[in-house]
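> Input: one structure, supplied below.
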Amino acid sequence: MINKKNAQPVEKNEEKDNMSILESIRKRTGLLVGIVGLALVIFILQSLLGSGASIFGGSDETTVGKINGTKIDRNEFAAKVENQLNMIRQNRQTQDVDDATRGQVVDYVWNQYINDLIIKPQYDKLGIMVGDDEKYQKVVMEPMPFIIQQISDPQTGQLNPNFAKADGSFDPNKWKQAIQSVTGDQELAVLQMEDQVVQMRMGEKYISLIKKGMYVTSAEAKAVMANNTTQANISYVMKPYTLVSDSAVSVTDSDIQKYYNEHIYEFYNPETTRSLEYVTYNVLASEKDLAAVESDAKRAAEDFKTKSIKEDSAFIQAESENGVVTIQDFTKKTMIIRDSSIYTAPVGSVFGPYNEGAYFKIYKLQGIKSIADSAKVRHILIGTQPDPKTQQPTRSIADCKRIADSLIGLIKTKKVSFDTLVKTVSDDQGSKTNGGDYGWFDENKQFVEPFKMAGLIGTKGNISPVETQFGVHIIEVLDVSKTRHNTYKLAQIFKLIAPSDETNQMIFAKASEFAGKNNTGELFDKGIETEKLTKRIADNLKESDRSIVGLDNAREIVRWAYTAKKGEINVFSLTDKHVVVKLATINTKGTKPLEDVKDEVKAKAIVAKKAEQFLKEFAAAGTSVSQIATKLNLNETTMEDFNLSNRNIKGAGIDNVLSGTIAGLKSGTTSKPIAGDNGVFVVQIVSKKQNPSQTDETSVKRQLEAMYSNKADQSSFTALQEMTDIEDHKGRIE
C-alpha cells in the first residue's frame, strides 16, 4: 500500500522541480509573445478530447482495480479523470462527449497508475533520470515528435498556424515564444507536457539499457550458422493424425480429465475476458427508401438551377447532409463528374442527381478559371500578432491591410525595396533568409489556398495584398509557367441514401423475433443453423473494451457481457444494424475450469489418443523407414539438400518436432517413432553436408542481437505487467 503521508512531500518536490524547469524555459526563450489557443493544442497529449456531464456510475465498488496489492481508489481515480476532462472541456468550450474519447481519458489515467506503480520503480532501481537541461532541449529546442504531432491537425497533419511558417513548416521561434508566455491553466498544460517528455525519455533510456544487455554466445551463433549452412538428405514416413477421423476415436471423461491435468499450463488465462457469439441484422435502405431519396434529390436539383451563385452556399447548407457546404476546384485529371459536357457547359449548369453509392450527388458549375501550371512568388507577411495575456490579436486584419497597402505604395514608387521590407518588416521569419522567395510551386503544393492562387492566377511582376489566416501577405509574382490549364469550381449537394424509420423498425422487429424464439444458448445455435444465418465470434473481450471488430460503438454490449450469465441472449441496436448476442464464455483470470474448455481439451485428447495408437503401430511395423511404410501402407518421402533452417517440410508441412529431430540427428542414424505436431513419424538421415558459411561468427552475433533488440521494446514492458498482479476494472468507470 502507498503511504499517503509519505507520498505528499514527494508530490510537492515534484511540483517544485516542474516549476523550476518552466522558469528555466522562460529565462531562455526571450520575448513574451502569446499564441491564441495554446492550451487547446497542448492538452491533446494523448488525443484526449471530449467529456460528459457525469462519466461515473453503475457500480458500488470502491476500487477500479489493484496493482501489486495497491488498491486504486474509485473516488481518487474518478477525480483524476474529471480533472483531465474539465481542462479539456474548458479548452474546447463545449460539454459534448462521445464514448470513444471518454474511454481514451479513462485509459490514459489507468496507464498513469501502471506507469507509477510498475514502470517507475524500475527506473528508480537503475537510477534512470532526466535532468532540466535535457528536458528543456526535448520540449523547447528540439521538440519530441509527439509534441509536433499534437500541435498538428489530426485530419490533415498540418501544423497549427500559430506554430507554423507561411509554408506550413514548424517555426521554432513561435514555439519558444508560446512556451514563454503561458500562464494559469496553460502553465499546467506545459508542465504535463514536460512530464510526458520525462516519461518517454526514461522509457527510451530503460529500453536502451536492456538492448545493450543483449548478448549472443559463440555457441548460439555457431548453431545458427550450422543450421543455415547444413544440408541433409533425408527419408521419412509419417502417419498424419487426419488419416483417422475424430469420430472414430473414443475418449472417456477420464481421458479428458487426464489430458487436462497433464497439460493444465495450456489453459491458463492471463486476464479476465468474455467471449460472445452474435448475428447481425443490417439496416439498409429499401427500394422504397431509395425511390424517396432519389425523388427528393431531383427536386433539389431543379431548385438548385434557380439559385444564383451568391445563394448557393445557403441552399447547399439547407439541402446537403449535415449542412456541410462543399465547393471544390477540379481539373480534367481530377474531375469527379462522369459527364464530359461539364467542360463546355455554361457557368450555372447543374448536373445530376447521380447515385454514387452512399449518396445521391448533385453538382453545380460555379466557375471556370485558367491558371498557370506553376508559379514562383515572394512575399512579406503582415501578421496578426496575439497579445500574450488576452490571446487576442493586437493587429486586426483591417490594420494589416492598411499597412500592406502603404508598403505596396512604397515598393511601387521605388521608395523602398522589397528585399529591405522582407528583412525589416515581414513576420514570416522562415522566408527572410531567401528574400521572401518560396520557389516554384504548383496547385498541389501544401500552401494556404489564397497564397497559392495569388501566384497561379497572377501575372509576372504583379504585386498585391492577399489575406490568409496568418494575416495579410504582400505577394509579388516573380514568374509563371507558359503552360496553363482550366480549373472547374463545383458546388456539391449530398443526399444520404439512408433507411427510413419504418425500415429500421421492421428490421429491429425481425431481430427481436429471432431473440425471442431463441432465448437460450442451445436454441440460439439451432436458430442460426435453421435460418442459415452467419454466426460471428468476439473473443477475449476485456471489461474496459469499447469496440468489437465489425461493430461500432459496442461499449453497451461489452458492459452487458460483464453482468450477464453464460448463455444469456440480448438484442442491441447500433448505428447501422441490430445485433442479437449470446454470452458464450466467461473466462476468469487464472487456470480455466475444465468445464469451460472441455471441447478444446477433448479435441487435444483425441489427437493424443491417435498418437498413442500410431506409436504402437510404428513400433510393431519395424525399425526402418521403408519397413514401416510398407507394413502400414504409408508413403516414404525423400528429400535431398534439405536446409536445416527450413521449417516447411515436403508432405508434412510445418512440423517443429520433425524439423528439430532432423536437425538433431547425426548422419546415418534413424529416429525412433516420435509424435510430432501433425502426425507420428520416423525419420532417417541419409547424409549431411556443411557448406562454407558466407558470414562470419561476429556478423551472425550482431544479426541475432539486433533481432532480439527489436523485440525488447514492447516485450520488456509487457513482461513487467505479466509479472505483476493486476486487477483491471477501469471499465466500471463510465
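The values are calculated or read from the model by the stated rules, or taken from the named source; none is laboratory data. Note that the structure is predicted; figures quoted are calculated from it, not measured. Here the Cβ positions follow ideal geometry from the backbone for every residue, glycine too, while neighbour counts run over all protein chains shown. With ligands, DNA and RNA removed, areas are computed over all heavy atoms of the protein, side chains included. Shrake-Rupley method; radii C 1.70, N 1.55, O 1.52, S 1.80 Å.
> Considering 256, 179, which residue is closer than 30 Å to residue 608 by Cα and either assigned to a helix (DSSP H, G or I) or open to solvent by 70 Å² or more (accessible area, probe 1.4 Å) (or both)? Show your work before the answer.
Numbers: 179 fails: closer than 30 Å to residue 608 by Cα.
That would be 256, the only listed residue that is closer than 30 Å to residue 608 by Cα and either assigned to a helix (DSSP H, G or I) or open to solvent by 70 Å² or more (accessible area, probe 1.4 Å) (or both).
> Here is a check on your reading of the model: is residue 573 under 25 Å from residue 728 (Cβ atoms) and open to solvent by 50 Å² or more (accessible area, probe 1.4 Å)?
no
> Tell me, which residue of segment 158-176 that is part of a helix (DSSP H, G or I) and not charged (D, E, K, R) is most open to solvent (accessible area, probe 1.4 Å)?
Across segment 158-176, the extreme among qualifying residues is 173.
> Tell me whether segment 658-667 contains one or more residues that are outside any helix (DSSP H, G or I), open to solvent by 10 Å² or more (accessible area, probe 1.4 Å), of a type in the set (D, E, K, R) and over 27 Å from residue 693 (Cα atoms).
no
> Here is a further query. Let me confirm something: among 302, 271, 311, which residue is closer than 30 Å to residue 547 by Cβ, open to solvent by 50 Å² or more (accessible area, probe 1.4 Å) and either touching a Gly at 6+ places or on another chain (Cβ under 8 Å) or not in a strand (DSSP E or B) (or both)?
Step by step, each of 302, 271, 311 is checked, and only 271 is closer than 30 Å to residue 547 by Cβ, open to solvent by 50 Å² or more (accessible area, probe 1.4 Å) and either touching a Gly at 6+ places or on another chain (Cβ under 8 Å) or not in a strand (DSSP E or B) (or both).
> All but one of (1) of a type in the set (A, V, I, L, M, F, W, C); (2) within 28 Å of residue 686 (Cβ to Cβ); (3) within 45 Å of the chain's Cα centre (by Cα); (4) surrounded by 15 or more Cβ atoms within 10 Å (Cβ to Cβ) hold for residue 234; state the number of the condition that does not hold.
The one condition residue 234 does not meet is (3).
> Okay, moving on. Going through 452, 460, 414 one at a time, which residue ends up being charged (D, E, K, R) and either surrounded by 15 or more Cβ atoms within 10 Å (Cβ to Cβ) or assigned to a helix (DSSP H, G or I) (or both)? Explain how you work it out, then say what you get.
Values: 460 fails: either surrounded by 15 or more Cβ atoms within 10 Å (Cβ to Cβ) or assigned to a helix (DSSP H, G or I) (or both); 414 fails: either surrounded by 15 or more Cβ atoms within 10 Å (Cβ to Cβ) or assigned to a helix (DSSP H, G or I) (or both).
Criteria check complete, one pass: 452.
> Let me ask something else about it. Please find, within segment 479-495, the residue that is modelled with the highest pLDDT out of those that are among the polar types (S, T, N, Q) and open to solvent by less than 20 Å² (accessible area, probe 1.4 Å).
In the first step, residues of segment 479-495 are kept if they are among the polar types (S, T, N, Q); the result is 481, 483, 486-487, 492.
Imposing the further condition that a residue be open to solvent by less than 20 Å² (accessible area, probe 1.4 Å) reduces the set to 487, 492.
Details: 487: 91, 492: 97.
Taking the candidates together, the pick is 492.
> Return the residues of segment 206-231 that are more than 30 Å from residue 128 (Cα to Cα) and open to solvent by 60 Å² or more (accessible area, probe 1.4 Å); say none if nothing qualifies.
Within segment 206-231, 219, 220, 222, 228 qualify.
> Residues to consider are 432, 412; find the one that is modelled with pLDDT of 90 or more, within 24 Å of residue 395 (Cβ to Cβ) and of a type in the set (D, E, K, R).
412
> Name the single residue that is nearest to the chain's Cα centre (by Cα) among those in segment 714-724 being open to solvent by 80 Å² or more (accessible area, probe 1.4 Å) and more than 18 Å from residue 204 (Cα to Cα).
So the residue we want is 722.
> Restricting attention to segment 367-376, report how many residues are out of contact with any Leu (no Cβ under 7 Å at 6 or more places or on another chain) and open to solvent by less than 70 Å² (accessible area, probe 1.4 Å).
5
> Could you please find all residues in segment 274-295 being of a type in the set (Asp, Glu), assigned to a helix (DSSP H, G or I) and either in contact with an Asp or Glu (Cβ under 9 Å, 6 or more places away or on another chain) or within 24 Å of residue 566 (Cβ to Cβ) (or both)?
289
> Among (1) out of contact with any strand residue (DSSP E or B) (no Cβ under 9 Å at 6 or more places or on another chain); (2) farther than 14 Å from residue 237 by Cβ, which single condition is residue 611 missing?
(1)
> Return the pairs, sorted by first residue and then second, in which the second residue is outside any helix (DSSP H, G or I) and of a type outside the set (Val, Ile, Thr), the first residue lies in segment 605-632 and is within 20 Å of residue 257 (Cβ to Cβ), the beta carbons are less than 7 Å apart, and the residues are 6+ apart or on different chains.
611/675
> Ok, one more. Please list, ordered by first then second residue, the pairs with beta carbon atoms under 8 Å, 6 or more apart or interchain, first in segment 330-348 and assigned to a loop (DSSP other than H, G, I, E, B), second open to solvent by 80 Å² or more (accessible area, probe 1.4 Å).
So the pair list comes out as 348/305.
> Being among the hydroxyl-bearing types (Ser, Thr, Tyr) and either surrounded by 14 or more Cβ atoms within 10 Å (Cβ to Cβ) or modelled with pLDDT under 85 (or both) is the filter here, so list the residues in segment 668-713 that pass it.
Of everything in segment 668-713, those that are among the hydroxyl-bearing types (Ser, Thr, Tyr) and either surrounded by 14 or more Cβ atoms within 10 Å (Cβ to Cβ) or modelled with pLDDT under 85 (or both) turn out to be 670, 671, 693, 695, 708, 709.
> Out of segment 520-569, which residues are part of a strand (DSSP E or B) and under 12 Å from residue 278 (Cα atoms)?
536, 537, 538, 539, 548, 551, 569
> Sticking with this one: For segment 466-478, which positions are open to solvent by 40 Å² or more (accessible area, probe 1.4 Å) and either in contact with a Gly (Cβ under 7 Å, 6 or more places away or on another chain) or among the aliphatic types (A, V, I, L, M) (or both)?
478
> Taking the residues in segment 126-144 that are part of a helix (DSSP H, G or I) and open to solvent by 50 Å² or more (accessible area, probe 1.4 Å) as candidates, determine which candidate is modelled with the lowest pLDDT.
If we take residues in segment 126-144 being part of a helix (DSSP H, G or I) and open to solvent by 50 Å² or more (accessible area, probe 1.4 Å), then 141 is modelled with the lowest pLDDT.
> Within the set of pairs 6 or more residues apart or between chains, which connect a residue that is surrounded by 13 or more Cβ atoms within 10 Å (Cβ to Cβ) inside segment 145-157 to a residue that is part of a helix (DSSP H, G or I) and at pLDDT below 75 with Cβ atoms less than 7 Å apart?
Close Cβ pairs (under 7 Å, with a partner that is part of a helix (DSSP H, G or I) and at pLDDT below 75) amount to 150/41; 151/41.
> Report, by residue number, each residue of segment 264-294 that is in contact with a helix residue (DSSP H, G or I) (Cβ under 7 Å, 6 or more places away or on another chain) and of a type outside the set (A, V, I, L, M, F, W, C).
270, 274, 281, 286, 289
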